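The values are calculated or read from the model by the stated rules, or taken from the named source; none is laboratory data. Because the structure is a prediction, the values reported are computed rather than measured. Neighbour counts run over all protein chains shown; Cβ positions are idealised from the backbone, glycine included. Each accessible area value is taken on the protein alone, full model and side chains, heavy atoms only, with ligands, DNA and RNA left out. Shrake-Rupley method; radii C 1.70, N 1.55, O 1.52, S 1.80 Å.
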Amino acid sequence: MAAGYLEILRAKHAARLLTGTLVGRLPNATAAIALVLFVRAEGGTYSLAGVLAAVYGVANAVGQPVLGRLVDLYGQPRVQLPAAVVSALAMGAFAFSGTDPLPFACAAVAAAGLFTPPLEGGLRALWPSVLRREEQVHTAYALDAVAQEVLFTVGPLLVTLCVSLWSERAALLALNAVGVLGALSVVCSPPSRAWRSAPREAHWLGALRSPGLLVLLGAFLFVGIALGSITVACVPYADGHGGDAVYGWLMAALGLGALLGGTVYGARRWTGEPARRLQGIVALLAVCYLPLMLMPGAVAMVLLTVLAGVFLAPAIACAFVLVDRHAPGGTLTEAFSWLVTTFTVGASVGTGVAGPVVEAGGALWGFAVPGAAGGVSLLVLLVTRGLLTGPVGRAVVAASAENDPNRAVEPRFSSGDRA
């Protein structure tokens, strides 16, 4: 298992790109908890903290595909680094001004979210130019999904460490400054500087004109709903089985399950049609949500939550392959950014839906939401399977115009699929 990942990390520039992207995404991964802690330290209410976190999240969801399209048009260095600097400056302005006046605070937080650089989508667009074999790219996608779980586990710990060592304001400033350094490391790398998007057809829909991509977005909207609803349903369960400590263990178990699943998935060389494989993974994801409704004791519930997370990272990694295949020429970064945005919006919808459900029927019905959402996601994939498995219109080659400024004609993928 380790050999496959080591092969990826030993490839020239791969470790730098992965590390730089993770560091550059720290501000985004820690924004919610950092904002809540800062607002509370300033004397604000939890409601105000929630509003500002929501403003950041909505702005981020809007900005990712927009900036992704600009990256496809103008290249990574000309978009990613300026966006990172503007985002950090906006969050810095908020850190120094505080929550008063409120309109300025909302505007600063919105700007920070809106200009968060699409490093995640940019990295996935770079992998084919760094790794020359199809199976290596697929392994890199899985490694990427695993790294996300590590990031969202370690990120909150870094926030609390910064707060304990310095202050809530210092945590905001330091993490955003470090994020700029991560973005700088990526855009100064040779693959990022050399990367050019393929020639694109001018179209206002951009990546969204691909039916296959729309199917993936529809399916992962409901995967996001499932994930968001679990975080809410676990609250009343934890209240009756030990309080905040149990809730923390449940959230950690969900991330651990995804980490384990993604690690095992990426270590294997997969054959066959990825669209059918995604259907199977999403089916298993939905099935593994159902045992949560048993609501056993705390230890058993933690184990069930690990199981619930096992197929999340494999589903995301498999979706990356299909996004790469179905994105129209010249829209690869935008397409990956749309997947990120859709998943984030789904998670927000899931938290909003699960709240009233839990209030009406308790934790049991709250845990029914992720199973139902997973089932709907599978249904979307089954009903529209012809759009994902059928031929599409962009040739995938190793040194394709999407990744090679010299437009070399060396084959990369041997599958013969057209994406």
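General observations
- Ellipticity estimate at 222 nm from DSSP helix runs (n ≥ 4, -39,500 (n - 2.57)) divided over the chain, nearest 500: -26000 deg cm²/dmol
- Under the Karplus curve 6.51 cos²θ - 1.76 cosθ + 1.60, θ = phi - 60°, whole-Hz ³J(HN,Hα) for the stretch 262-272, x wherever Gly or Pro sits: x, 5, 5, 4, x, 7, 9, 8, 9, 10, x
- Shape analysis of the stretch 206-285 places it in the oblate category; the axes a ≥ b ≥ c from the Cα gyration tensor give an a/c of at least 1.5, with a/b not above b/c.
- Matching label, mean projected area of the Cα convex hull in nm² computed from the structure shown, candidates (1) 19.2; (2) 23.8; (3) 21.8: (1)
- Amide proton proximity set for Arg132, modelled H, under 5 Å, gap of 5+: none
- 3J(HN,Hα) couplings calculated from phi for the stretch 70-84 with the Karplus curve 6.51 cos²θ - 1.76 cosθ + 1.60 (θ = phi - 60°) are, in sequence order, 5, 4, 4, 7, 10, x, 6, x, 6, 10, 4, 5, x, 5, 4 Hz; Gly and Pro show x.
- Label sites at Leu382 and Ala245, each approximated as a point 7 angstrom past Cα along Cα to Cβ, lie 4.3 nm apart.
- In a fully extended conformation the segment linking Phe152 and Arg10 would gain 48.7 nm over its present Cα-Cα distance, using 0.36 nm per residue.
- Against the rule of thumb 2.2 N^0.38 Å, how large the Cα Rg of the stretch 155-313 comes out: 1.36
- Over all other residues within a Cβ to Cβ distance under 14 Å of Leu284, the charged ones net out to +2, with Lys and Arg as +1 and Asp and Glu as -1.
- Rough spin-label spacing in nm, given labels placed 7 Å along Cα→Cβ, for Val66 and Leu294: 4.7 nm
- Exposed-loop-free span, longest in the chain, where chymotrypsin sites (Phe, Trp or Tyr not before Pro) count as exposed if DSSP calls them loop and at most 13 other C-beta atoms lie within 10 Å: 205-419
- Local electrostatic count at Gly4 - Lys and Arg +1, Asp and Glu -1, tallied over other residues with Cβ under 14 Å: 0
- Note: relative contact order over the chain, using C-alpha pairs below 8 Å and six or more positions apart, is 25 percent.
- Only protein atoms count toward the accessible area here, which uses a 1.4 Å probe; on the stretch 13-68, the carbon and sulfur part of that area reaches 70 percent.
- Highest-first packing order for the peptide set 196-203, 126-133 is 126-133, 196-203, based on the mean count of other beta carbon atoms within 10 Å.
- Note on the chain: with charges restricted to the Cβ of Lys and Arg (+1) and Asp and Glu (-1), its dipole about the Cα centre is near 1140 debye.
- Taking a ≥ b ≥ c as the square roots of the Cα gyration tensor eigenvalues, the stretch 27-143 comes out prolate, since a/c reaches at least 1.5 and a/b is larger than b/c.
- Solvent-accessible heavy-atom area per residue, rounded to whole Å², over the chain at 1.4 Å: 40 Å²
- 3J(HN,Hα) from dihedral phi, the stretch 44-51, Karplus parametrisation 6.51/-1.76/1.60, rounded to Hz, x for glycine, proline: x, 8, 5, 4, 5, 4, x, 4
- What the Cβ-Cβ distance of His203 and Ser47 gives, at R0 = 56 Å and to the nearest 0.05, is a FRET efficiency of 0.85.
- DSSP-assigned coil residues among trypsin sites (Lys or Arg not before Pro) in the stretch 3-37, each with at most 15 further Cβ atoms within 10 Å: Lys12
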